[in-house]
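Have a look at the structure below before the remarks.
Just so it is clear, none of the values below were taken in a lab; they were calculated from the coordinates. All values reported here derive from a predicted model rather than from experimental measurement. Here the Cβ positions follow ideal geometry from the backbone for every residue, glycine too, while neighbour counts run over all protein chains shown.
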Amino acid sequence: MIGAGVMGHPVATARLVTLEQENKMSIKNVATIALATAGLAGFGAVAHADAAAGKATFEEICAECHEAADFEGEDAKALTDSIKKISAGQMKHKKALKLTDQQAADVAAFMAGGGK
Ligand code: HEC
């Protein structure tokens with residue numbers, strides 16, 4: 001979901017607009033990302049989801065069985081919830097996970113972005 005706002009932006013269109021308009025567009029994209037991040041921050045004690053940190057966790061623990069691309073476009077908050085439940089032993093999962101809430105949010109942000 002977070003990635004969609006940025007990735008869905010057609011480059012061909014951007015080339016046609018003036019520099020000024022392009023700047024406005026970038027600002028809008030930044031605002032979209034900020035809002036998406038704020039949405040995660042509003043959940044529990046997680047202050048900030050860091051997709052880069054999530055990438056490291058994903059590659060270390062999850063990549064053995066999952067492809068981040070499979071989760072592309074999923075709701076990061078819902079994904080965070082699922083990963084927290086798995087970590088708390090409240091959701092059935094092939095491998096027992098022991099992630100902190102912060103790690104869950106980070107890895108969810110990375111996965112929801114499709115691993116890009
Ligand atoms: C040993 C293999 C394995 C590892 C390692 C693994 N998973 Fe999974 N996971 C599965 C399988 C199998 C499923 C169920 C089938 C599916 O949805 O792909 C699953 C399902 C899930 C789901 C979907 C749950 C649902 O039903 O909504 C999430 C979210 C998930 N895994 C997150 C993770 C995360 C995050 C990690 C790393 C921290 C991870 N998994 C590591 C095997 C694994």
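Taking the C-alpha atoms of the range 43-116, how large are the radius of gyration and the largest Cα-Cα span, Dmax, in Å?
In order Rg, Dmax, the Cα atoms of the range 43-116 give 10.9, 29 Å.
Cβ neighbours within 10 Å, averaged per peptide: list 94-100, 75-81 in order, most packed at the top. Walk me through the intermediate numbers first.
Working: 94-100: 12.4, 75-81: 19.3.
Listed from highest to lowest mean packing, they are 75-81, 94-100.
For the pair Lys95 and Asp75, how long in nm is the line joining their label points, each one 7 Å along Cα→Cβ?
Each label point lies 7 Å from its Cα, and together they span 2.7 nm.
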